[in-house]
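Encoded as structure tokens, the structure appears first; notes follow it.
The values are calculated or read from the model by the stated rules, or taken from the named source; none is laboratory data. Quantities reported herein were computed from a predicted structural model and do not represent experimental measurements. Counting neighbours? That spans all protein chains shown, and the Cβs are built from the backbone with ideal geometry, glycine included. To get the accessible areas, we keep the full protein, side chains included, count just its heavy atoms, and leave off ligands, DNA and RNA. Shrake-Rupley method; radii C 1.70, N 1.55, O 1.52, S 1.80 Å.
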Amino acid sequence: MSKEETFKLLSDAVVSCKKDAVVAAVEKAKSEGIEPAEIIEKGLASGMNDVGIMFERGKLFLPHVMMAAGAMEAGVKLLEADMPKDAAKKKLAVIVNGTVEGDVHDIGKSIVSTMLQSSGFEVHDLGRDVPLQDFIDKVKETGASMVGMSALMTTTLPGQREVIEMLKEQGLRDKVKVMVGGAPATQTWADKIGADCYAENASEAVARAKELLL
Amino acid sequence: MTTEHMLRMGDGKRVYLTKEQILTDLRDGMADAVDLGDIPELSGDELDKLMDIITMPSRMVGVEAGMEVPVTHDIGTIRLDGDQGNSGVGIPSSRLVGCMVHERAFGADTMELGHIDYSYKPVKPVIAQEMQTMEVCQQNMVIPLLYGAMPNMGLYYTPDGPFENPGDLMKAFKIQEAQESMEHAAKHLTRDIVWIMQRMMASGADGVNFDTIGAAGDGDMYASLHAIEALRKQYPDMYIEAGMAGELMLGLHGEMAYDGTVLAGLWPHQQAPLVAKAGANIFGPVVNTNTSKSFAWNLGRAVTFIKAAVKASSIPCHVNMGMGVGGIPMLETPTIDAVSRASKAMVELAGVDGI
């Protein structure tokens, strides 16, 4: 089997969302002498990228994304022993994510958290109906370089602006990027309140986070 | 100087676009629907007609004579009485008055009695009040009066219900447990809807409106389809209106199926046959509005989706038109310029049987 075929096998195994398939594909790639970093980047991560695209198009859903992420994690675990120390645990950046106070919508924000995690970010998901001060406290605690805020109602949307103001008051605004999202949020709204970016969906959130943080 | 036409963005903001810009947006919106739903494009004539509707100079427009369709209202019973917290206008009035005003003054062709909590589960403890109100309304009205509420399966999960919240379980990577929780919740939801409707039918209801099927994902649709099936079996002549929550059936479970079809990932034209198979009389398809795109983009997309749904449906389609659906901008009180144009397009181009 050529290297390209093995990468395709790894990628397809992740898309299948089956842990057994991913583990078998990783074992096969290892036995062919492919470097762990290549197995992850060109095989598993590529598959996870496909999962993201299929998710965006409504072909796969949250449980599938979770299963695919779990399967990928099992595959990466098999490679950890062969990787340089700390390389396996290194995260791209730290992100605090949550749905602002007064808003109990959870699903979209959770999907964004999962997709960011699957893409290599360390995500601290504060949940829904999060008191605005908690965003600030968590940024301080974790040293996060990005705050993601979701709001699904026009009445809770101003919470995003308030957190930005609170970041300014605490002298944190220059150190932290702000991403906003949710059905009533738009690019115009993001510009108006001085957020760094607006993401329409989970895949876009990952792309924007990578653009701003990497 | 090029003539510009006043349109709205999906969030309601006014924008001024040229005919060329409108046509580009119409085509892009249509292409998005074609791509996602794997459905046919609109013809050149249909795009021209959409352009005519959008650029009509009148503040509001109407359908051509002879093309009128029935309109029905969901939460209308409490729209007069409700304050701004629920889109109401704050005029003190009973639900009976709300229903009668819609029938006699607003021209509603069918109407729905709904409770302020507007989900089936919270109706259980107030069922006697609902039965009495239904009976009184029926004694005073002529048009079909359905009982309506949201299936809203989310109310069966903690902290509101007995089953563990699948969102929390998924965060802990307990996917199988999350799926089991949804299956348990679906069974309870089916049982509750049937129980409530048995009592409302005993009080003279003409039928039931399922408002926002699938709001809690594919389990919500699974439970609703089974409730429709059970009600149709018990009441062969009742009206059953099955309105959807969104354009795409979200797969929170991912593997639930009805009549051999996996529910996750279904678009309106794929939902229609299942709703008919379960026994509904009316299918209420939904297309969501993108707040960052123009009215033209959203309308091109919505008409393309709904036209395909109408074609695939063996039962009448009453499209959902309102805040954030059917091409209409997402505003608490949608503007008449957008509402009337989107409605005209849905009737004259998508061929809907009602709104």
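For A:Gln117, neighbours were defined as the other residues whose beta-carbon sits under 13 Å from its Cβ, and their charges (Lys and Arg +1, Asp and Glu -1) total 0. Residues whose amide H comes within less than 5 Å of that of B:Ala149, counting only those at least five positions distant or on another chain, are B:Asn209, B:Asp211 (H built at 1.01 Å from N in the peptide plane).
Taken over the C-alpha atoms, chain B has Rg and Dmax values of 20.4, 66 angstrom.
Using only side-chain charges placed at the Cβ, +1 for Lys and Arg and -1 for Asp and Glu, the dipole size of region B:34-133 relative to its Cα centre rounds to 780 debye. For B:Asp81, the solvent-accessible surface with a 1.4 Å probe is about 70 Å², rounded to the nearest 10. Among B:Glu180, A:Glu73, the sequence by solvent-accessible area, most first, with a 1.4 Å probe is A:Glu73, B:Glu180.
Once C-alpha pairs closer than 8 Å and six or more residues apart are averaged by separation and normalised to the residue number of chain A, the relative contact order reads 17 percent. Comparing A:Ser31, A:Ser46, A:Ser119 in a Gaussian network model of chain A where C-alpha atoms under 10 Å apart are linked, the largest mean-square fluctuation is found at A:Ser31.
Only helical runs count toward this figure. For chain B, summing -39,500 (n - 2.57) over DSSP H runs of n ≥ 4 and dividing by all residues gives -13500 deg cm²/dmol at 222 nm. Structure remark: mean-square fluctuation, Gaussian network model of chain B, C-alpha springs under 10 Å; the largest value among B:Met56, B:Met321, B:Met201 belongs to B:Met56.
When the helix-only estimate is applied to chain A (DSSP H runs of n ≥ 4, each -39,500 (n - 2.57), divided by the residue count), what is the mean residue ellipticity at 222 nm, nearest 500 deg cm²/dmol? One gets -16000 deg cm²/dmol as the mean residue ellipticity at 222 nm.
Short-range pairs are left out: with C-alpha atoms under 8 Å and at least six residues apart, the relative contact order of chain B is 21 percent. Charges were assigned to the Cβ only: +1 to each Lys and Arg, -1 to each Asp and Glu. The resulting dipole of chain A about its Cα centre is roughly 140 debye. For region A:40-146, the spread of Cα positions along the three principal axes, ordered from largest to smallest, is 44, 36, 16 Å. Within the full protein context, the accessible area of B:Asp353 is estimated at about 70 Å² for a probe radius of 1.4 Å. Net charge near B:Leu169: determine it from the other residues with C-beta under 13 Å of the C-beta of B:Leu169, scoring Lys and Arg +1 and Asp and Glu -1. The answer is -4.
The convex hull built on the alpha-carbon positions of the protein assembly as shown has an orientation-averaged projected area of 28.8 nm². Starting from a Cα-only point model with no solvent, please compute log10 I(q)/I(0) by Debye for region A:144-214 at q = 0.27 1/Å. With no solvent term, the Cα-only Debye profile gives -1.30. Among the residues of A:180-189, the average count of other protein chain beta-carbon atoms within 10 Å of the residue beta-carbon is 4. What region A:71-214 shows is 46 Å² of accessible area per residue, with the surface traced by a 1.4 Å probe over protein heavy atoms. Accessible area per residue for region B:90-168, computed on protein heavy atoms with a 1.4 Å probe, is 44 Å².
List every DSSP H helix in chain A whose Cα atoms extend 24 Å or more along the helix's own long axis and whose mean Kyte-Doolittle hydropathy is at least -0.5.
Qualifying helices, which must be both long enough and hydrophobic enough, are A:62-80.
Accessible area per residue was computed with a 1.4 Å probe on protein heavy atoms; B:Met330 scores about 50 Å². Each other residue within a Cβ distance under 14 Å of B:Gly246 adds +1 if Lys or Arg and -1 if Asp or Glu, for a net charge of -3. Ordering A:Gly102, A:Gly43, A:Gly58 by the projection of their Cα atoms onto the charge dipole of region A:1-143, which places +1 on the Cβ of Lys and Arg and -1 on the Cβ of Asp and Glu, puts A:Gly43 at the extreme positive end.
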